[in-house]
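All remarks here apply to the structure that follows.
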Amino acid sequence: MLVLMAVVVGLLIYTIVRLGRDDYTLLANRMADRTRERLQVLRPCPLCGSMLRRGETVHTVVFSGGQPPTGSSTAAAGGRQPDALTHMFGCKYCYPANDVHPRICPVCNQTVSAEGYVIARLFEKPGKKHVHVLGCTECRKANSRDTLRSART
């Protein structure tokens, strides 16, 4: 076993010396590029926390609300980043609602009902999207009732 390992190490050293420093750097960079191409960045579902691979998405409905179209400058939007109201229903693991992957509201930490969804603002920057969660249908309803009560008093 040790002899086999010594032979493998010897071959590697011989290859490195034969390739030379510049060729070795080129080879190492090429191998690193291949590794980066295969690397998968996982992102969590904002409702159930399941890790989503590239191509797996969260089911959303986006309402533009008369905001400037995507790609317009922030100066044209009055210095603000263009945004849109969004209803987020969940990923393929938690939507439709099931017991295995419960949908949890990130704001109130309560389980979102089967008919419910999470309301969020979607900000789009060049090459990047950012979502700011405002709450689920239940906690947003409770907040609007509290606001109405305080306005009446």
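The values are calculated or read from the model by the stated rules, or taken from the named source; none is laboratory data. Fair warning: this is a prediction, and the values are worked out from it, not measured in the lab. Ideal geometry is used to build each Cβ from the backbone, glycine not excepted, and the neighbour counts take in all protein chains shown.
Computed values, structure above
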quantity	calculated
Residue pairs meeting the criteria (Cβ under 9 Å; at least 6 apart or on separate chains; first of a type in the set (S, T, N, Q), in region 1-15; second surrounded by 10 or more Cβ atoms within 10 Å (Cβ to Cβ) and part of a helix (DSSP H, G or I))	T15/Y24
Residues of region 52-62 satisfying the condition of being surrounded by 14 or more Cβ atoms within 10 Å (Cβ to Cβ) and farther than 20 Å from V100 by Cα	T60
Extreme residue, modelled with the lowest pLDDT, among residues of region 81-101 that are within 24 Å of R140 (Cα to Cα) and exposed (fewer than 15 other Cβ atoms within 10 Å of the Cβ)	Q81
Long-range neighbours under 7 Å by Cβ, at least six apart or interchain, first residue touching a residue at least 24 places away in the same chain (Cβ under 8 Å) and within 14 Å of V58 (Cα to Cα) within region 91-118, second of a type in the set (G, A, S) and assigned to a loop (DSSP other than H, G, I, E, B)	C91/S50; Y93/S50; C94/S50; H101/S50; R103/A97
Residue among G10, G49 that is on the phi > 0 side of the Ramachandran plot, at pLDDT 75 or above and surrounded by 10 or more Cβ atoms within 10 Å (Cβ to Cβ)	G49
